[in-house]
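Engineer: Quick one: the structure is below, and I'll ask about it shortly.
The values are calculated or read from the model by the stated rules, or taken from the named source; none is laboratory data. For clarity, every value in this text was computed on a predicted model and none was experimentally measured. All Cβ positions, glycine included, derive from the backbone under ideal geometry; neighbour counts span all protein chains shown. In case anyone asks, the SASA skips ligands and DNA or RNA and just uses the protein heavy atoms, side chains included. Shrake-Rupley method; radii C 1.70, N 1.55, O 1.52, S 1.80 Å.
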Amino acid sequence: MSLSNVSQSAQVKVNGSSGKGGDLAATLDKLRAAYRRKGPPTLEERLEHLAKLEEVVLAKKDDIVKAARADFGNRARQETLGAEVMVTVQEIKHARSRLPEWMEPEPREVGWMFMPARVELTTQPLGVVGIISPWNYPTQLALGPLVGVLAAGNRAMIKPSELAPESSDVLQAIVSKAFEPDHVTCHVGGADVAAAFSALPFDHLVFTGSTRVGKIIMRAAAENLVPVTLELGGKSPAIVGPSYSLKTAAQKIMHGKLFNGGQTCIAPDYVMVPKGKVDAFVEECRAAVAAMYPKIQGNPDYTTIISDAHFERIKGYVADARTKGANVVELTKEELMAETRTMAPTLILHPKEDMTVMQEEIFGPVLPIRTYETLDDAIAYINDHPRPLALYYFEDDQARIDKVLRETTSGGVCVNDTLLHFAQTDAPFGGVGASGMGHYHGREGFEAFSKKKTVFYQSRFSGTFLFRPPFKERVDTLLRFVLGK
Ligand code: NAD
């Protein structure tokens, strides 16, 4: 069962629009009409939109925490405040401080033949942008793209995931408190709403979710030639360098793996350690987990799995690995209660390629450990697989770091840590190949949701009239001069 095939029979709440295709289309018409009527917002108006969003998100932070806890069963308050609220607010603050600079027209070089004309690049909103978001960070992955969308001066319609219904309700409340109904709307619903939403003729569509559904989205968008930003998933590797401290690597990898119960698109999905070091690495992982989570069951810091279906999916991966001969090591001796969807941090030693755990994105607290003999082997393994969203390399030797950076292609890289590249507001985030297309965050978010328009200002004293027919000798002379013969 692949990650994106898992559905939950959660009650589907439909707010705002009734969620039917026709109503969604009517909402899009309304937003587009408002965009035409009111025109692109000024810098001051955009700053106000962003400030309002920041204010409402901060005012609703306790609701966001409560809702995430209800959706996940348990989710650490600090994880929600850090990964949902803080990351979103930092993104807003960054956009507010840099927007005046981003909106400045950019002079470009004019070809000497066209002098003294001038050229500049202006940015313009696209119009109405659709945002489809997943359940794993239900607030941040809806509002993060919205920051770029608003900074660029667009209007937006958001479709959050049906698997995090409480968080979606809070998102709905944030949107209706912060924005006019012809500016930003939020449409909660299941697969039918999702399908109707992705078929709308938006001016741009941002999708965050699985690679499988990403393909469906792109197909639907192609029907209307809607440009897409696809923020997808996949299997992000971690490599532990031969002389790097196993203890430090284990602490950082297990932290990145167990944050949000492993339900993070950029969680290290599997790790490669030097041959002969597996046993020592397992012991360091055990110690790292014991230090972070002295107990698992009922620990408010340990996030549980979002739904029964996902719990069964991950358990199925582990069972499959066990059946096919892997050594499965649970890093707790506690009896865990399945009804609370608490899953043990689990290592899978020496996994084989035909195991589901090496084929599908894991998205849970399970970590396969492979070995490698040479760095070239580890690089070759990564390059034999779809391009990952993130890559983690634990190494102090700069030449080896450079080699990995040069010889692998991934959405982003963290050297000597995990996850933290995502939180850099001044750097773009996005996948490559099967892990996504396009970027957002910071300036790249602003640019992704803007039309970059080249404007050529002709001068009154232009010589370009010399190129007009009837072509005479002077045109040939000029062409000979430019072309060199
Ligand atoms: P998903 O693809 O199942 O769903 C994502 C969204 O798409 C949801 O809102 C869902 O309602 C909608 N959807 C589902 N089927 C659809 C259809 N047929 N047409 C239109 N929309 C449809 O993903 P998920 O389970 O919510 O999230 C987990 C996946 O998201 C993982 O693969 C993870 O790696 C990825 N992810 C990526 C990022 C990133 O930034 N790259 C961030 C978080 C999660």
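Engineer: Quote the relative contact order of the chain in percent (integer), defining contacts as alpha-carbon pairs under 8 Å separated by 6+ residues. Kindly include the intermediate steps, with their values, before the conclusion.
Structural biologist: Working: 977 pairs, mean separation 95.9, N = 485.
Across the chain, relative contact order equals 20 percent.
Engineer: Ratio of alpha-carbon Rg to the 2.2 N^0.38 Å globular estimate for the range 237-430, to two decimals, please. Spell out each step's value before the answer.
Structural biologist: Details: Rg = 15.9 Å, N = 194, 2.2 N^0.38 = 16.3 Å.
Ratio of Rg to 2.2 N^0.38 Å for the range 237-430: 0.98.
Engineer: Estimate the FRET efficiency between residue 173 and residue 295 by the formula 1/(1 + (r/R0)^6), using the beta-carbon distance for r and 51 Å for R0, to the nearest 0.05. Mind dumping the intermediate values first?
Structural biologist: Numbers: r = 35 Å, r/R0 = 0.68.
That gives a FRET efficiency of 0.90.
Engineer: If you don't mind, another one. Where does the range 167-277 land on Rg(C-alpha)/(2.2 N^0.38 Å)? Don't skip to the answer; put the middle values down first.
Structural biologist: On the way: Rg = 19.8 Å, N = 111, 2.2 N^0.38 = 13.2 Å.
Here the Cα radius of gyration is 1.50 times the empirical estimate.
Engineer: Which value in nm describes the separation of the simple spin-label points at residue 109 and residue 283, placed 7 Å from the Cα toward the beta carbon?
Structural biologist: 6.1
Engineer: State the extension gain, in nm to one decimal, for the chain segment bounded by residue 478 and residue 245, taking 0.36 nm per residue of separation less the distance between their alpha-carbons. It would help to have the intermediate numbers written out before the result.
Structural biologist: Values: separation 233, 0.36 × 233 = 83.88 nm, distance 6.62 nm.
Working it through step by step, the gained length comes to 77.3 nm.
Engineer: Over the chain, with every protein chain in place, what whole percent of the accessible area is carbon and sulfur at 1.4 Å, could you tell me? Working shown, then result.
Structural biologist: Details: 11510 of 21270 Å².
Solvent-exposed carbon and sulfur of the chain make up 54 percent of the total.
Engineer: What is the diffusion coefficient of the range 432-479 in µm²/s, taking the Kirkwood radius over Cα pairs and the Stokes-Einstein relation at 10 °C with a viscosity of 1.306 mPa s?
Structural biologist: On the way: Rh = 15.4 Å.
Here the translational diffusion coefficient equals 103 µm²/s.
Engineer: Next question. Peptides 291-299, 71-79: what's the order by average Cβ count within 10 Å, highest mean first?
Structural biologist: On the way: 291-299: 14.2, 71-79: 19.9.
The most tightly packed comes first, giving 71-79, 291-299.
Engineer: Here is a follow-up. Rounded to the nearest angstrom and ordered from largest down, what semi-axes does the equivalent ellipsoid of the chain get from its C-alpha gyration tensor (root of 5λ)?
Structural biologist: On the way: eigenvalues 382, 185, 75 Å².
Taking √(5λ) for each Cα gyration eigenvalue gives 44, 30, 19 Å.
Engineer: Please give me, ordered by residue number, the chymotrypsin sites (Phe, Trp or Tyr not before Pro) of the range 137-227 that lie in loop per DSSP and have at most 14 other Cβ atoms within 10 Å. Don't jump to the answer; show the numbers that get you there.
Structural biologist: Details: sites: 179, 197, 202, 207; in loops: 179, 202.
Within the range 137-227, no chymotrypsin sites (Phe, Trp or Tyr not before Pro) qualify (loop, at most 14 other Cβ atoms within 10 Å).
Engineer: Taking each pair of different alpha-carbon atoms in the range 112-209 once, compute 1/r for the pair, average those values, and report the inverse of that mean as the Kirkwood hydrodynamic radius in Å to one decimal.
Structural biologist: On the way: mean 1/r = 0.0691 Å⁻¹.
Value: 14.5 Å, from the Cα pair sum.
Engineer: Kindly provide the helix-only [θ] at 222 nm of the chain, computed as the sum of -39,500 (n - 2.57) over DSSP H runs of four or more divided by all residues, to the nearest 500 deg cm²/dmol?
Structural biologist: Values: 17 runs with 200 residues, N = 485.
After summing the helix terms and dividing by the residues of the chain, the value is -12500 deg cm²/dmol.
Engineer: Given C-alpha coordinates of the range 369-483, what is the ratio Rg to Rh with the Kirkwood estimate of Rh? Present the calculation step by step, with values, prior to reporting the outcome.
Structural biologist: Working: Rg = 24.7 Å, Rh = 18.9 Å.
My calculation of the ratio gives 1.31.
Engineer: Below 19 Å, Cα to Cα, which aspartates and glutamates can residue 403 reach? Residues fewer than 8 away in the same chain don't count.
Structural biologist: 373, 376, 377, 384, 395, 417
Engineer: How large is the Kirkwood hydrodynamic radius of the range 14-167, in angstrom, based on all distinct alpha carbon pairs?
Structural biologist: Working: mean 1/r = 0.0570 Å⁻¹.
So the Kirkwood estimate lands at 17.6 Å.
Engineer: Next question, about the same structure. Loop only per DSSP, at most 11 neighbouring Cβ atoms within 10 Å: give me the GluC sites (Glu not before Pro) in the range 308-380, ordered by residue number. Let's see the in-between values first.
Structural biologist: Values: sites: 312, 330, 334, 335, 339, 353, 360, 361, 373; in loops: 334, 335, 353, 360, 361, 373.
Qualifying residues, ordered by number: 335, 353, 373.
Engineer: Next question, about the same structure. Run the reach check for residue 324 against aspartates and glutamates, Cα to Cα strictly under 12 Å, same-chain hits fewer than 8 apart removed. What comes back?
Structural biologist: Residue 324 reaches 353, 354.
Engineer: Right, here's the next one. Give the distance, in whole Å, between the Cα centre of the range 428-485 and the Cα centre of the range 152-195.
Structural biologist: So the two Cα centres are separated by 38 Å.
Engineer: Over all alpha-carbon pairs in the range 220-264, figure out the percentage whose distance exceeds 13 Å.
Structural biologist: Numbers: 690 of 990 pairs.
Tail of P(r) above 13 Å: 70 percent of Cα pairs.
Engineer: Oh, and also: Percent of Cα-Cα pairs more than 22 Å apart in the range 212-294, please.
Structural biologist: Details: 1450 of 3403 pairs.
Tail of P(r) above 22 Å: 43 percent of Cα pairs.
Engineer: Using a 1.4 Å probe, what is the accessible area per residue for the range 111-187, in Å²?
Structural biologist: Numbers: 1970 Å² over 77 residues.
Per residue, the range 111-187 has 26 Å² of solvent-accessible surface.
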